[in-house]
Amino acid sequence: MNPSDTGRPEGDAGAAAEVKPLLDAPQTPAAAVVMWIFVVGPVICLIVVVPLVWGWGLSALDVGMAVAAYLVSIVGLTVGYHRLFTHRSFKAKRGLRIALAVAGSLGVEGSPVQWVANHRRHHAFADREGDPHSPWRFGTDTRALLKGLLHAHVGWMLKRELSNRARFAPDIAADRDLRLIGRLFGPLAAVSLLAPALVGGLVTGTWTGALTGFFWAGVMRMALLHHVTWSVNSVCHVAGRRPFASRDKATNFWPLALLSFGESWHNSHHADPTGARHGVLPGQLDPAARLIRVFEKLGWVHDVRWPNPDRLSARPLPEPSGPHESAA
C-alpha cells in the first residue's frame with residue numbers, strides 16, 4: 001500500500017504499521033460517558049429547549065458568535081486536522097500549525113493525535129474490514145445500510161475503541177507542540193462552550209444573554225459542526241456521485257460543500273488523498289482550499305500539494321446521466 005494513499009508517514013512507518021495492532025487500549029468508562037454526553041446531549045437539548053425559547057431566546061449577538069465560532073473551529077478541523085496533520089497536503093510555519101491545532105480542538109472532536117489516527121485508519125481500510133466508520137459494514141440491503149449509516153454517523157464513536165496512535169499517527173505523537181495541545185484538549189473544549197456564555201453575559205449584562213450565548217453559540221454550534229463533519233463519514237459514502245475511481249465507495253455530495261468547507265467532495269479526496277484541494281472539478285466550492293491558497297500567498301505555508309492532473313486524469317469514471325454535480 002502506498003503511504004501517500006493513507007496519509008501515513010513515509011519510510012519505516014509503513015513497516016512499523018505491519019506489526020502494530022489496529023487498536024490501542026479501549027477508552028476508560030469515564031471517557032465513554034463523556035462521549036455519549038457530547039454526541040447525544042445536544043440533540044436532547046435541541047428537542048427540549050427550542051420550543052421554550054423560540055421567538056425570544058435568540059439574538060443577533062448569538063447568531064454572530066455562533067457563525068464566528070463555527071468558522072474558527074471548522075477551519076481548524078478541515079485545514080488543520082485533516083489536510084495539514086492527517087494528509088500533509090502542505091507545510092506550515094510553526095505559529096500557524098499551533099493556531100490550526102488550537103482551532104481544531106475548539107471543534108470538540110478530539111485531540112489532534114487521536115483524530116489523525118482515526119482518519120488515517122479510515123483511509124487505510126476505507127469501506128473494508130478495519131474501517132472505523134464505514135456505512136457498508138453490515139451489508140448492502142436497505143436495513144443493513146440504514147444500520148450502517150447510523151454506525152458511520154455516530155455509532156462508531158459510542159464504542160470504546162481507539163485507533164492505535166503509534167501505528168497511524170507516530171509523527172503527530174512525536175510533535176511536542178501537538179502533544180501539549182492534546183493535553184490541553186479538555187480546557188480548550190470548555191473554552192469553546194463557555195466563551196460564548198461569557199461574551200453574551202458581558203455584552204448584554206444579563207444572565208439570559210449568558211444562557212442563550214452558551215446554548216446557541218456553544219452547544220448548538222458544536223452540534224451543527226459535528227453533524228456536518230460526521231455526514232462526511234456517513235452520507236458521503238452512500239449518496240452522491242463518483243466521478244473518479246477509488247477503491248472504496250466515497251462520493252461527492254454537493255449540498256454539504258459550503259457547510260463542510262469542501263470536505264464533502266469526498267470521492268475526489270479519496271482519489272487523491274494528499275491533494276490540498278478536494279473540489280477539483282469546475283464549480284465545486286472548496287473554501288478550505290481557497291484559505292490554503294491565501295496562506296500560501298502570505299508565505300505562511302509552502303510545498304502545497306495542489307491536485308495532480310496526471311493522477312486524476314487516469315481515474316475518471318463514466319459520467320452518469322442527469323445534471324452535473326458542479327451545479328453546487
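General remarks:
- Residues in the range 106-117 that are outside any loop (DSSP other than H, G, I, E, B) and open to solvent by 10 Å² or more (accessible area, probe 1.4 Å): Val113, Gln114, Trp115.
- The lone exception for Leu96 - which of (1) buried (at least 21 other Cβ atoms within 10 Å of the Cβ); (2) at pLDDT 95 or above it fails: (1)
- If you go through the range 225-244 and pick out every residue that is in a loop (DSSP other than H, G, I, E, B) and open to solvent by 40 Å² or more (accessible area, probe 1.4 Å), you end up with 3.
- Within the range 280-301, if we keep just the residues that are at pLDDT 95 or above and among the small types (Gly, Ala, Ser), the residue that is nearest to the chain's Cα centre (by Cα) turns out to be Ala288.
- Hits in the range 141-157 - residues which are open to solvent by 40 Å² or more (accessible area, probe 1.4 Å) and either of a type in the set (A, V, I, L, M, F, W, C) or in a loop (DSSP other than H, G, I, E, B) (or both): Asp141, Leu146, Leu149, Leu150, Trp156
- Failed item, numbered, when Trp136 is tested on (1) open to solvent by less than 20 Å² (accessible area, probe 1.4 Å); (2) of a type outside the set (Lys, Arg); (3) in contact (Cβ under 8 Å) with a residue 40 or more places away in the chain: (1)
- Restricted to the range 246-257, and to residues there that are assigned to a loop (DSSP other than H, G, I, E, B) and in contact with a helix residue (DSSP H, G or I) (Cβ under 7 Å, 6 or more places away or on another chain), the residue that is most open to solvent (accessible area, probe 1.4 Å) is Lys249.
- Pair list, Cβ under 6 Å, 6 or more apart: the range 69-98 residue farther than 20 Å from Ser231 by Cβ and part of a helix (DSSP H, G or I), other residue among the aromatic types (Phe, Trp, Tyr) and open to solvent by 10 Å² or more (accessible area, probe 1.4 Å): Leu96/Trp300
- The single condition from (1) at pLDDT below 95; (2) touching a Leu at 6+ places or on another chain (Cβ under 7 Å); (3) assigned to a helix (DSSP H, G or I) that Ala17 fails is (2).
- Residue among Ala276, Ala271, Ala288 that alone is within 17 Å of Arg242 (Cα to Cα) and buried (at least 23 other Cβ atoms within 10 Å of the Cβ): Ala271
- The range 109-124, residues that are closer than 12 Å to Tyr81 by Cα and either touching a residue at least 40 places away in the same chain (Cβ under 8 Å) or over 12 Å from the mean Cα position of the chain (by Cα) (or both): Glu109, Gly110, Ser111, Pro112, Val113, Gln114, Val116, Ala117, Asn118, His119, Arg120
- Of all residues in the range 260-268, none satisfies being surrounded by fewer than 18 Cβ atoms within 10 Å (Cβ to Cβ) and touching a residue at least 24 places away in the same chain (Cβ under 8 Å).
- Hits in the range 198-214 - residues which are of a type in the set (A, V, I, L, M, F, W, C) and open to solvent by 20 Å² or more (accessible area, probe 1.4 Å): Leu198, Val199, Leu202, Val203, Trp207, Leu211, Phe214
- Per-region count, the range 176-220, residues free of Cβ contacts under 8 Å to residues at least 60 places away in the same chain and either at positive phi or β-branched (Val, Ile, Thr) (or both): 2
- Against the test of being of a type in the set (Lys, Arg) and open to solvent by less than 10 Å² (accessible area, probe 1.4 Å), the options Arg120, Arg160, Arg176 yield a single qualifying residue, Arg120.
- In the condition set (1) more than 17 Å from His122 (Cβ to Cβ); (2) of a type outside the set (S, T, N, Q); (3) crowded, with 22+ Cβ neighbours inside 10 Å, Asp303 is compliant with all but (3).
The values are calculated or read from the model by the stated rules, or taken from the named source; none is laboratory data. These figures come from a predicted structure and were not determined experimentally. With ideal geometry, Cβ positions are generated from the backbone for all residues, glycine too; neighbour counts draw on all protein chains shown. Ligands, DNA and RNA are stripped out before the accessible areas are found, and what is left, the full protein with its side chains, is counted by its heavy atoms. Shrake-Rupley method; radii C 1.70, N 1.55, O 1.52, S 1.80 Å.
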